[in-house]
Every structure is written in structure tokens, then in C-alpha cells.
Amino acid sequence: MLSAAIAGVLAMATVGVAMAQGGQPGRIGNDDVIHVVLSPTGGHTQFLDFNNDGLGFADRLDAVGPILTEDQTERVGTAYLDCWIGNKGYQDGSPLVCTHVLKLKDGTITTEGVDPHGPSDVLFSVTGGTGAYEGASGQARYIDTTRTDIVIELDD
């Protein structure tokens, strides 16, 4: 069960977020929309069970992993994930209250939101950034299926 949870979270979070050198993030539409994919491999996930009583409310999930272009042919950054469990137990559908830091070539983008464990399609708020994304705002759509797509729409 735990390995299935870890695999699901890796697929979701291996946005989990050091930056690969070279390459631009995959972009669709215009410069205000960025479409990237979290790599399902090459990341690290760690659960923190503070009371050693099984994963539950306020326990944490931390992850780090590569960010790829939409076609998954090039690494364009690193995703860093920090979540706490917002439910008394941890199973499919359990709410994870998450902060993602997406480190890209030109700076970072920070997103925050609630993501149910397992397949989902949710919106996170873009709450800031650095470098080219300093002061960023907008929304990020996290689509978790067999992979995790992130479509970021930045406000002008």
C-alpha cells in the first residue's frame, strides 16, 4: 500500500522542483503560459510521520525531482514540493496542502494549493517568483493522470 502511495505521489509530485542547465521551459500559446511535466523518475520523495503512528493529519510529504518539457524530451528545471496531510488518514482523495517551487532557467515560480492524493485536475495559485518571474501571479493547473502536467497561466 505504501509503495503504491509513494508511486502515486511521485507521479504527482516529482515536480516534486538544482536546476538543469540549458533549455527554456516548454511554452504553449504565448509567454504568459508555461506547460511542463514532472518527471516520473529521477526524484526523491520522503514521508515524515511525526508521531510514528501511520500517516495522518499534519504529517508531511517532501519531494524533489526533474521538470521536463511538455514532450518530455528535455529537462528544464527542478521541482521542490512540501505538503502536509489535511485529513486524519492518508489514502486516495486525502487532501494534501502543498507548496511547489518550480526552479526554471530564468527564475522560480511558487504555487500553493490543495491537491487530493491520486488522479486529479486541480488549480493552484501562483503566489510569487524570482528572476524573470519576480512578483508572478496567476494560476497553475496540476493534471495528475499517468504523469503530472503543470500548465501555468501568468497574469500580465
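Here are the numbers:
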item	result
Any hit, region 47-69, residues being within 21 Å of GLU153 (Cα to Cα) and either touching a His at 6+ places or on another chain (Cβ under 7 Å) or modelled with pLDDT under 95 (or both)	no
Residues (closer than 13 Å to ILE34 by Cα and among the hydrophobic types (A, V, I, L, M, F, W, C)) located in region 93-112	LEU102, LEU104, ILE109
Residues within region 116-156 that are under 21 Å from CYS83 (Cβ atoms) and of a type in the set (Phe, Trp, Tyr), tallied	2
Test: residue in region 82-89 that is at pLDDT below 95, among the basic types (Lys, Arg) and surrounded by 15 or more Cβ atoms within 10 Å (Cβ to Cβ)	no
Filtered residues of region 74-87 (kept if in contact with a Ser or Thr (Cβ under 9 Å, 6 or more places away or on another chain) and of a type in the set (D, E, K, R))	ARG75, ASP82
Residue that is nearest to HIS35 (Cα to Cα), among those in region 61-92 that are among the β-branched types (Val, Ile, Thr) and assigned to a strand (DSSP E or B)	THR69
Failed item in (1) closer than 15 Å to ILE34 by Cα; (2) crowded, with 18+ Cβ neighbours inside 10 Å, with ASP155 passing the rest	(2)
Residues of region 109-145 that turn out to be more than 15 Å from LEU96 (Cα to Cα), under 14 Å from the mean Cα position of the chain (by Cα) and not in a strand (DSSP E or B), as a count	1
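The values are calculated or read from the model by the stated rules, or taken from the named source; none is laboratory data. Nothing here was measured: the structure is a model prediction, and the numbers come from that model. Don't worry about glycine lacking a Cβ; one is built from the backbone with ideal geometry, like all the others, and counts go over all protein chains shown.
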